[in-house]
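*Asks:* Got a structure for you, written out below as C-alpha cells; questions coming shortly.
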Amino acid sequence: MSEMNDFEWEENKKLLEAEIAEFNKEKEEIKALIGNIGGKSYSHRDNLINFLFLGLILSMFIIEITTHWLPSFISLEISVLLVSIKIIWMIHSQHKYNHFIFWILNTIEFRVNDVGKKVQRMEKMIKEMDSSKS
C-alpha cells in the first residue's frame, strides 16, 4: 500500500510540475501581450495622429492670423471641432485599453481560482496520505 501511495505521490508531483510549467508559459504570454500595449506600432500611430491634429490646428491658426481667409468665428469653431475629435479619439483609445486590461485581469483571476482549487485538492490528498501512513 505504501508503494501505491508513493507512486500516486510521484504522479501527482509530475502533474503539478507540468501545471507549473504551463502556468509559467501562460504568464510569459500575458507579459508579452501587455508589453504590446503601447508598443512601438501603437506609439507611432498615436504620434502620427497627434502631429496631424496639431498641424491642422496650427495651420488654421496661422492662416487665420496671416490671411483672414475665413471669418474668425468659423476658424475658431473648426479648431474646437478638431480638438473635440482628438479628445473623442483619446477616450476611445483609453476605452479599448481598459477593456483589454479587464479581459487580461479576468483571465488571470479565473486561472488563479482554478489553481487555488487544485492546491486545496492536493492538500486534502496529502493530509489523507499522511493520516493513512500513521
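The values are calculated or read from the model by the stated rules, or taken from the named source; none is laboratory data. Since this is a predicted model, take the numbers as computed values, not measurements. Here the Cβ is made from the backbone with ideal geometry for all residues, glycine too, and neighbour counts use every protein chain on show.
Yes/no matrix, rows are residues, columns are (1) farther than 22 Å from Gly116 by Cβ; (2) β-branched (Val, Ile, Thr); (3) modelled with pLDDT under 75:
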| residue | (1), (2), (3) |
| --- | --- |
| Glu3 | yes, no, yes |
| Asp6 | yes, no, yes |
| Leu15 | no, no, no |
| Lys25 | no, no, no |
| Asn36 | yes, no, yes |
| His44 | yes, no, no |
| Phe53 | yes, no, no |
| Ile63 | yes, yes, no |
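*Asks:* Let me confirm something: among Lys117, Lys133, which residue is in contact (Cβ under 8 Å) with a residue 40 or more places away in the chain and loosely packed, with under 13 Cβ neighbours inside 10 Å?
*Replies:* That would be Lys133, the only listed residue that is in contact (Cβ under 8 Å) with a residue 40 or more places away in the chain and loosely packed, with under 13 Cβ neighbours inside 10 Å.
*Asks:* Also: So which residues in the range 60-80 are hydrophobic (A, V, I, L, M, F, W, C) and in a helix (DSSP H, G or I), if there are any at all?
*Replies:* Met60, Phe61, Ile62, Ile63, Ile65, Phe73, Ile74, Leu76, Ile78, Val80
*Asks:* Then there's this: Pairs under 6 Å by beta carbon, first residue among the basic types (Lys, Arg) in the range 49-64, partner loosely packed, with under 13 Cβ neighbours inside 10 Å, six or more apart or different chains?
*Replies:* none
*Asks:* Now a separate question. Out of Ile65, Ile88, Ile108, report the one residue that is farther than 30 Å from Asp6 by Cβ and surrounded by 11 or more Cβ atoms within 10 Å (Cβ to Cβ).
*Replies:* Ile108
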